[in-house]
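This report concerns only the one structure given below.
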Amino acid sequence: MVQSVELLLDERSDDAIRREWNYLAELGLPSQARHAGASNRPHITIAVASRIDDVAERRLAALIADGRDAGSWRFPESVRLGGLVVFGGSRAVLARSVVPTSALLDLHARVYEALADSPGIPPHLEPGHWTPHVTLAMRARPEDIGSAASHLVTDLQDVDAEVSAVRRWDGDARVDWLIG
């Protein structure tokens, strides 16, 4: 399965993304609103591996604490959710882009380094290859993506969001928890 590290959004930004999810669902289009799992919430995935052990988890917690305590680097406390982005394939993903600031890219590189010993890190999540985003719909047909984008783009505005927490997801156990 998958293990991940995710940035969670403040309540206002979380609500804004959920409104977009609900809007897509009301139109009968693919939407994350259809995912009924208790852990389903808007987030930015910054790392994925097939396994993250306790040693790597402790490195992550120390890294986040250092960044939040104004240690040797600064944790990105805010992010901007921008326009739409599509990840293609026979079943595509529609997402809100996250404007990549130097602080966000620095966090991503530091998390990648903390997890470097973890197996199964996909190449698209390596520094320089990562596209930060918040998923709106997954496993959509290309025609659904076009319809969803055309409905959303009319009222789409950037969202200035705060990073409220860092979460770990364990896909094997199907549980999540906050770190740092």
Label-point separation, VAL175 to ARG74 (7 Å along Cα→Cβ), nm: 3.7 nm
Gain upon complete extension [ARG18, ALA116; 0.36 nm per residue less C-alpha separation]: 32.0 nm
For region 27-134, alpha-carbon Rg over 2.2 N^0.38 Å: 1.18
Solvent-accessible area, 1.4 Å probe, carbon plus sulfur percent, for the chain: 50 percent
Two-decimal ratio, region 87-163, of alpha-carbon radius of gyration to 2.2 N^0.38 Å: 1.31
More than 21 angstrom apart: percent of Cα pairs within region 8-77: 48 percent
Semi-axis lengths, Å, region 130-180, gyration tensor of Cα atoms, sqrt of 5 times eigenvalues: 28, 18, 8
Per-selection Kirkwood Rh - the chain (Cα, Å, 1 d.p.): 16.8 Å
Three semi-axes of the equivalent ellipsoid, region 77-131, Cα gyration tensor, whole Å, largest first: 21, 18, 7
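The values are calculated or read from the model by the stated rules, or taken from the named source; none is laboratory data. These numbers were taken from a predicted model, which means no experiment stands behind them. Methodologically, a virtual Cβ is constructed for each residue, glycine included, from the backbone with ideal geometry; neighbour enumeration extends over all protein chains shown. Note: areas computed on protein heavy atoms with side chains; ligands, DNA, RNA excluded. Shrake-Rupley method; radii C 1.70, N 1.55, O 1.52, S 1.80 Å.
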